[in-house]
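Bear in mind these aren't lab numbers, they're just calculated from the coordinates by the rules spelled out. This is a predicted model, so every value here is computed, not measured. No Cβ is skipped: glycine too gets one built from the backbone with ideal geometry, and neighbour counts run over all protein chains shown.
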Amino acid sequence: MSNADTALTGTCHCGAVAVTLPRRPEAATNCNCSVCRRYATLWAYFPLAEVTFTGHPGHTDRYSWGDKGLYFVRCKTCGCVTHWEPVEPQPDSRAGINLRNFDAAALGTLKVRMFDGAGAWTKLGEIEHAPNGFSIGATLPTS
Ligand SMILES: [Zn+2]
């Protein structure tokens, strides 16, 4: 895509929290672990230092569980999950950004990795996230 280096901003539903990415992501991850399947998130990973947050932490709450070392962050008002970030950020830390808060047409077509976080902790296959916001063309292996 020609605008690959153009910053892209997404917001929670009420607009109190905004997330700006340095560029359009090339791929996303759909994970079926106990948290991600409930949030129905679509993650893109960026260096934490390259992401700009507006309204965070002032308008956000966070959730952590087990010993994962990260917080899931959501808007205090509308509840939309915006991202996850390390509990103890380091200079090379990365963040997981929930692409569901971004305009699907602006995201364009994305490769979506189906990650089996609930089971084998590995990628099961890839599908395509279309500009209309739906994921199509499942290529999961049959068993
Ligand atoms: Zn909100």
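Could you list all residues from region 1-33 that are aliphatic (A, V, I, L, M) and surrounded by fewer than 17 Cβ atoms within 10 Å (Cβ to Cβ)?
Quick first cut of region 1-33, residues aliphatic (A, V, I, L, M) only: 1, 4, 7-8, 16-19, 21, 27-28.
Residues satisfying the conditions are Met1, Ala4, Ala7, Ala27.
Could you figure out which of (1) more than 16 Å from the ligand (Cβ to nearest atom); (2) over 17 Å from Arg38 (Cα atoms); (3) not in a strand (DSSP E or B) isn't true of Gly125?
(3)
If I ask for residues that are part of a loop (DSSP other than H, G, I, E, B) and either within 16 Å of the ligand (Cβ to nearest atom) or charged (D, E, K, R) (or both), which ones from region 15-39 would you list? Please lay out each step first, then the result.
Restricting attention to region 15-39, the residues satisfying the condition of being part of a loop (DSSP other than H, G, I, E, B) are 15-17, 22-26, 32-35.
Result: Gly15, Ala16, Val17, Arg23, Arg24, Glu26.
Restricting attention to region 99-112, which residues are without any contact (Cβ under 8 Å) to a residue 60 or more places away in the chain and either β-branched (Val, Ile, Thr) or surrounded by 14 or more Cβ atoms within 10 Å (Cβ to Cβ) (or both)?
Within region 99-112, the subset without any contact (Cβ under 8 Å) to a residue 60 or more places away in the chain is 104-105, 109.
Across region 99-112, the qualifying residues are Ala104, Thr109.
Determine which single condition Val73 fails, assuming it passes every other condition in (1) under 24 Å from Asp5 (Cα atoms); (2) within 16 Å of the ligand (Cβ to nearest atom); (3) part of a strand (DSSP E or B).
Unmet condition: (1).
Take region 34-72 and flag every residue that is surrounded by 14 or more Cβ atoms within 10 Å (Cβ to Cβ), of a type in the set (A, V, I, L, M, F, W, C) and free of Cβ contacts under 8 Å to residues at least 40 places away in the same chain.
Correct list: Val35, Phe53, Leu70, Phe72.
Just give me the residues in region 41-61 being more than 16 Å from the ligand (Cβ to nearest atom) and not in a strand (DSSP E or B), in sequence order. Walk me through it before giving the result.
Within region 41-61, the subset more than 16 Å from the ligand (Cβ to nearest atom) is 42-52.
Leu42, Leu48, Ala49, Glu50, Val51, listed by residue number.
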